[in-house]
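See below for the structure under consideration.
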Amino acid sequence: MIKIAVAGVCGRMGMSVASLAGADGDIEIVGATEAPGHVSVGFGLEDLIAGAGPGVSVSGSIEEAAGDADVIIDFTVPEATLAHAEYSVRNGKSMVIGTTGFTQEQREELLGLLGRIPCVLAPNMSVGVNILFEISRQVAFHLGDSYDAEIFETHHRGKIDSPSGTAIALAEAVASGLGSQLEDVARYERHGRTGAREKGEIGIQTLRGGDVVGDHTVMFLGDGERVELTHKATTRENFSAGALRAAKWIPGKPPGAYAMRDVLGF
C-alpha cells in the first residue's frame, strides 16, 4: 500500500488525482493540502471530492498533511512546488510533480533539490502524450530540417501558463531529434512583418478557450506534403492515472529527477 498526500487537492488535477486514488486499492490518501486561507481548508476530503476516502481533512500545511505519506503528488504552482520539494528533502519524501510554468531559475533550483530525493517530474503524465514525445523526436530526426516544425496547443480558458508545459516538452523533443537546442530555435509568436521563416525554427502557437482539457499537434511541413501528429485529451483521468502509476513506481528509487519514460519503460 502506497500512502500519498495530494498537494493542491481542489485544483483540476488535484481533484482528479484524489478521486481516482480513492478507487485504487493499492493507494491510500493520508493527506491533502490547499493554499492557506483557501475555503476548503478544514473540510473533510470526502465532502469535497466524489470517491475520496473518509478520514482526511484538507490542510493549509504540507507539514501537517504529508507526515505519514510515502509520496507527495503535486500539481500546484512553481512557488508551492519548490516549498514542497524543500519539505520533502528535509523529511525524506518521494514526489510526483506535474506542475508547469517554472522560470529557468526556478527549474534549476527545483532540479537541485530533486537531486536529493526520488521524484518523477513530468509536464504531462498521459501514456499517449509520452508516446507522442518519442514519436515526435524520431520523426524530426528522420525528416531533418528540410521540413518546418510547428506545434499547436489548445487548453481551457483558465490555464495560467502559456505555452503549456506539454507543448514545450514536445518542442524539446523535436529540437533533440534535429540536434539543436530549443532556446536557440524556438519562435513563440509571429506578428507584423516578421520576414520569411528561418530554417530550423520551431514554432509554438497557443490557443485558449472553453473547457478544452488539452489538445496538442506537431506538424512537419515540407514541399508538397506535411505530417501531423495529434493527441487530444477528453478527460483528466489520463493524466491522473499516470500520476498514480508514477507514485507506485517511485518509492525506493535512488534520488534524482525521473521522467515518465522511466516509469513507462521506454
Selection within region 183-193 - part of a helix (DSSP H, G or I) and over 14 Å from D145 (Cβ atoms) | E183
Hey, F152 at pLDDT 95 or above, aromatic (F, W, Y) and under 23 Å from the mean Cα position of the chain (by Cα) or not = yes
Within region 219-239, work out how many residues are among the hydrophobic types (A, V, I, L, M, F, W, C) and under 18 Å from the mean Cα position of the chain (by Cα).
-> 2
Flagged in region 122-169 as hydrophobic (A, V, I, L, M, F, W, C), surrounded by 22 or more Cβ atoms within 10 Å (Cβ to Cβ) and not in a helix (DSSP H, G or I), in numbering order, are A122, M125, A149, I151
In region 42-58, is there at least one residue being buried (at least 17 other Cβ atoms within 10 Å of the Cβ) and closer than 29 Å to A167 by Cα?
-> no
Which one of these does T230 not meet: (1) touching a helix residue (DSSP H, G or I) at 6+ places or on another chain (Cβ under 9 Å); (2) part of a strand (DSSP E or B); (3) buried (at least 16 other Cβ atoms within 10 Å of the Cβ)?
-> (3)
Looking only at region 46-67, count how many residues are at pLDDT below 85 and either touching a helix residue (DSSP H, G or I) at 6+ places or on another chain (Cβ under 7 Å) or of a type in the set (S, T, Y) (or both).
-> 6
All but one of (1) part of a loop (DSSP other than H, G, I, E, B); (2) over 30 Å from H142 (Cα atoms) hold for A241, so report the exception by its number.
-> (1)
Pick from region 227-258 the residues that are touching a residue at least 24 places away in the same chain (Cβ under 8 Å) and of a type in the set (K, R): which of them is nearest to D70 (Cα to Cα)?
-> K248
Please go through region 194-227 and pick out each residue that is among the β-branched types (V, I, T) and part of a loop (DSSP other than H, G, I, E, B).
-> T194, V212, V213
Give the residues of region 169-191 that are in contact (Cβ under 8 Å) with a residue 40 or more places away in the chain and touching a strand residue (DSSP E or B) at 6+ places or on another chain (Cβ under 7 Å), sorted by residue number.
-> L170, V174
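The values are calculated or read from the model by the stated rules, or taken from the named source; none is laboratory data. Because the structure is predicted, anything quoted here is derived from the model rather than measured. Virtual Cβ from ideal backbone geometry, glycine too; neighbours counted across all protein chains shown.
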